[in-house]
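Read through the structure below, which is laid out as structure tokens, and then see the notes.
The values are calculated or read from the model by the stated rules, or taken from the named source; none is laboratory data. Remember, predicted model here, so these are calculated numbers, not experimental data. Here the Cβ positions follow ideal geometry from the backbone for every residue, glycine too, while neighbour counts run over all protein chains shown. When the accessible area is computed, the model is the full protein with side chains, heavy atoms only, and any ligands, DNA or RNA have been set aside. Shrake-Rupley method; radii C 1.70, N 1.55, O 1.52, S 1.80 Å.
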Amino acid sequence: WCMQFYVSIFQNVFFYRRPNVKAVRMHPLFWTPDVRLKFLCDVSDYVELGKESQSPLVTDLEALQCSWGEKLDESFRQNIEKYRKYNFCSVRDLLRVIRNKSNHFREMPLEIQVCSMSMTDIFILVG
């Protein structure tokens, strides 16, 4: 839906209503994987610190329900459960997994590291 939204904006008859290239490039759709990961880790930190303040972001995230655990590779899921119990319907816990595993990536077993890497990362590692 996001790409359709941008295409519709670019097709606006009035040029002054079209976003400039700089504004478009700032959209998360065009972020690099490293920038996306940093953003998710920062949101996770904010959510953890915002626990006491009950900010609107924390409240909204806790209201979201999704079953993300079933989408994980079984070996990865077993690995994360060795260290902590996660609620696989909590977005807060999903953010926590992303943050924790990115911070402790090198400590994971090699087969889980490879499953977690993008093809670009693997080619750089092997090359």
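In table form, for the structure just shown:
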quantity	calculated
Residues within the range 9-58 that are over 19 Å from VAL97 (Cα atoms), open to solvent by less than 90 Å² (accessible area, probe 1.4 Å) and not in a loop (DSSP other than H, G, I, E, B), tallied	5
Residue that is within 22 Å of PHE39 (Cβ to Cβ), out of contact with any Gly (no Cβ under 7 Å at 6 or more places or on another chain) and open to solvent by 40 Å² or more (accessible area, probe 1.4 Å), where the choices are LEU61, LEU72	LEU72
The listed residue being open to solvent by less than 60 Å² (accessible area, probe 1.4 Å), over 22 Å from MET108 (Cβ atoms), of a type outside the set (Gly, Ala, Ser) and modelled with pLDDT of 85 or more, out of CYS89, CYS66	CYS89
Candidate set from the range 97-106 (those that are in a helix (DSSP H, G or I) and not basic (Lys, Arg)); member that is most open to solvent (accessible area, probe 1.4 Å)	ASN103
Every pair of residues 6+ apart whose Cβ atoms lie under 9 Å, when the first sits in the range 83-96 and is at negative phi and part of a helix (DSSP H, G or I) while the second is basic (Lys, Arg) and at pLDDT below 90	ARG92/LYS51; ASP93/ARG84; ARG96/ARG84
Odd one out for GLN78 among (1) under 21 Å from CYS115 (Cα atoms); (2) out of contact with any Lys or Arg (no Cβ under 7 Å at 6 or more places or on another chain); (3) touching a residue at least 40 places away in the same chain (Cβ under 8 Å)	(3)
